[in-house]
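*Asks:* Attaching a single structure in structure tokens format; questions to follow.
The values are calculated or read from the model by the stated rules, or taken from the named source; none is laboratory data. Everything quoted here is computed from the prediction, not taken from an experiment. Cβ coordinates were reconstructed from backbone atoms using ideal geometry, including for glycine residues, and neighbour counts include every protein chain displayed.
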């Protein structure tokens, strides 16, 4: 554990809490992509299968349980409790176009051809692109509420901080995982355009509105 | 603590 890794995990946790607060307080999931949330739930469930096979630390187990349960809770709020507010007309991204290539890539490029390892690799590839339906939704509606912007910023920062963690670990521990680093770099790059808009607009008190 | 088998990151 180093400061970048801890900050990354906390940023990830903050993102999830912000999203739940937004949905709960506004009693609405307008502007949130259910497709991205489905993908994130798949990411956590397929990645954390090792919960039952490998014990790493109490912190690790606790965080995994938090990520799985909050992603399921988010889906419940979106698809059951506040279903009427779900913006399904704009949330039209076809997730099979992400799921299938990620799965094929995990079958081809992985570190061990076992069920748990392939699903872990699949989850890493899928996480890299899981935000695309959300970014697609924002681009379709042309705007995002400020709390949704904060959510996206915290969620994007998390993998960017992990990149710093991986650089640190490479030098300090000679530890590196090429699959995670490659996917994490792609994931962070996908947020760059959003980061730019967030810093130039939302932090100056303006609403995130895309140029027409 | 780091582990050789398994993934210690989230």
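*Asks:* So which of A:124, A:131 ends up being closer than 24 Å to residue A:41 by Cα, within 12 Å of chain B (Cβ to nearest Cβ) and modelled with pLDDT of 95 or more?
*Replies:* Details: A:131 fails: within 12 Å of chain B (Cβ to nearest Cβ).
Testing whether each residue is closer than 24 Å to residue A:41 by Cα, within 12 Å of chain B (Cβ to nearest Cβ) and modelled with pLDDT of 95 or more leaves just A:124.
*Asks:* Between residues in the range A:166-192 that are within 10 Å of chain B (Cβ to nearest Cβ) and residues that are outside any helix (DSSP H, G or I), which pairs lie under 6 Å by C-beta distance while being six or more apart or on different chains?
*Replies:* If the second residue must be outside any helix (DSSP H, G or I), the pairs left are A:169/A:175.
*Asks:* Would a scan of the range A:129-138 turn up a residue that is in a helix (DSSP H, G or I) and surrounded by fewer than 15 Cβ atoms within 10 Å (Cβ to Cβ)?
*Replies:* Looking through the range A:129-138, none of the residues is in a helix (DSSP H, G or I) and surrounded by fewer than 15 Cβ atoms within 10 Å (Cβ to Cβ).
*Asks:* Filter the range A:171-187 for residues that are part of a helix (DSSP H, G or I) and exposed (fewer than 13 other Cβ atoms within 10 Å of the Cβ) and give the result.
*Replies:* A:171, A:172, A:173, A:178
*Asks:* Among the listed residues A:28, A:36, which satisfies the condition of being more than 13 Å from the chain's Cα centre (by Cα), away from every other protein chain (no Cβ under 14 Å) and either outside any helix (DSSP H, G or I) or within 16 Å of residue A:128 (Cα to Cα) (or both)?
*Replies:* The match here is A:28.
*Asks:* So, of the residues in the range A:46-62 that are surrounded by 14 or more Cβ atoms within 10 Å (Cβ to Cβ) and without any contact (Cβ under 8 Å) to a residue 60 or more places away in the chain, which turns out to be farthest from residue A:17 (Cα to Cα)? Steps first, please.
*Replies:* If we filter the range A:46-62 for residues that are surrounded by 14 or more Cβ atoms within 10 Å (Cβ to Cβ), which is where we start, we get A:46-51, A:54, A:56, A:60-61.
Still in the running and without any contact (Cβ under 8 Å) to a residue 60 or more places away in the chain: A:48, A:51, A:54, A:56, A:60-61.
Working: A:48: 20, A:51: 22, A:54: 27, A:56: 24, A:60: 18, A:61: 18 Å.
Here the answer is A:54.
*Asks:* In this structure, is residue A:65 assigned to a helix (DSSP H, G or I) and exposed (fewer than 14 other Cβ atoms within 10 Å of the Cβ)?
*Replies:* So residue A:65 fits the description; yes.
*Asks:* So which of A:23, A:32, A:17, A:38 ends up being touching a helix residue (DSSP H, G or I) at 6+ places or on another chain (Cβ under 6 Å), at pLDDT 95 or above and more than 16 Å from residue B:6 (Cα to Cα)?
*Replies:* On inspection, the qualifying residue turns out to be A:23.
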